[in-house]
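Notes for the one structure printed next.
Just so it is clear, none of the values below were taken in a lab; they were calculated from the coordinates. Keep in mind it's a predicted model, so treat the numbers as computed, not measured. In this analysis, Cβ positions are derived from the backbone assuming ideal geometry, glycine residues included, and neighbour counts consider all displayed protein chains.
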Amino acid sequence: MTDDLALIEAALAGDRAAFGNLVHRYQDRLHAAMLQVTGSAEEAEDVVQDAFVRAFLKLDTFQNHSQFFTWLYRIAFNSALSRMRKRRGATSIEQVREAIGQEPIDNVESPDAQMLRDEQVASVRVALLKLSDDHRTILVLREMEGHAYEEIAEVLQISIGTVRSRLSRARTQLRVTLEEMEHADGLPQGRREDRT
């Protein structure tokens, strides 16, 4: 955190390279989180860029009692959620795969195992997109980014008790959504055609 504070102070004093160092330090990690939140590589890139611009413009409002990284995440998540509310719509597994790309192939696995794993990853991503913004955000922060409850509470500006209860509901909703998707995919071919 001391390094971040030194860079922030230098950036506030007019050193643009100092803020560039902050961008370099956090852009990849922030992009990975926003990719999980938005489900789109292009959208995640836009959110990250927007977050850094906002952070630069609001740098003088940064409070030393929180970590810069946490503060930056809060800005990015708010931006991502705002954008997603504006562009609500159904997303297919194929759209998610096109937006995110395929997972790297592990040469040790059989092609069938790799394909099954890719489908499972894509299904989880699609299910995440079907969750409420609050549930998706908290799952990304905890399960994909590995943040502690205290950090999540700080990022989302909620109590630790709310983090625990929201996380529990989010996990349940994700499981239910995945089961519903699996059930829909498991319908016999004839019954699937009858529904269309």
inquiry  = Apply the Karplus curve 6.51 cos²θ - 1.76 cosθ + 1.60, θ = phi - 60°, to the phi angles in the range 12-17 and return the couplings in whole Hz, x for Gly and Pro.
reply    = 5, 7, x, 7, 5, 5
remark   = Taking R0 as 45 Å and r as the Cβ-Cβ distance between residue 59 and residue 176, the FRET efficiency 1/(1 + (r/R0)^6), rounded to the nearest 0.05, comes to 0.60
query = Would you list 124, 48 from fewest to most Cβ contacts within 10 Å?
reply = 124, 48
ask   = What is the sum of charges around residue 7, taking Lys and Arg as +1, Asp and Glu as -1, for the other residues whose C-beta is under 13 Å from the C-beta of residue 7?
value = -2
inquiry  = To make sure I understand, if each residue's beta carbon is the centre and we count other beta carbons within 10 Å, what order do 31, 24 fall in, fewest to most?
reply    = 24, 31
Distance cut-off 13 Å, percentage of C-alpha pairs in the range 1-58 lying past it = 61 percent
task = With θ set to phi - 60°, apply the Karplus curve 6.51 cos²θ - 1.76 cosθ + 1.60 along the range 41-58 and write out the HN-Hα couplings as whole Hz, x wherever there is a Gly or Pro.
result = 4, 5, 5, 4, 4, 4, 5, 4, 4, 4, 5, 5, 5, 4, 4, 5, 5, 9
Estimated vicinal HN-Hα couplings, Hz - the range 145-153 in sequence order (Karplus 6.51, -1.76, 1.60; Gly, Pro = x) = 9, x, 6, 6, 4, 5, 5, 4, 4
note = the range 1-88: relative contact order from alpha carbon pairs under 8 Å, six or more residues apart, as a whole percent, is 30 percent
key: Exposure proxy ranking, count of Cβ atoms within 10 Å, fewest first, for 142, 175, 164   = 175, 164, 142
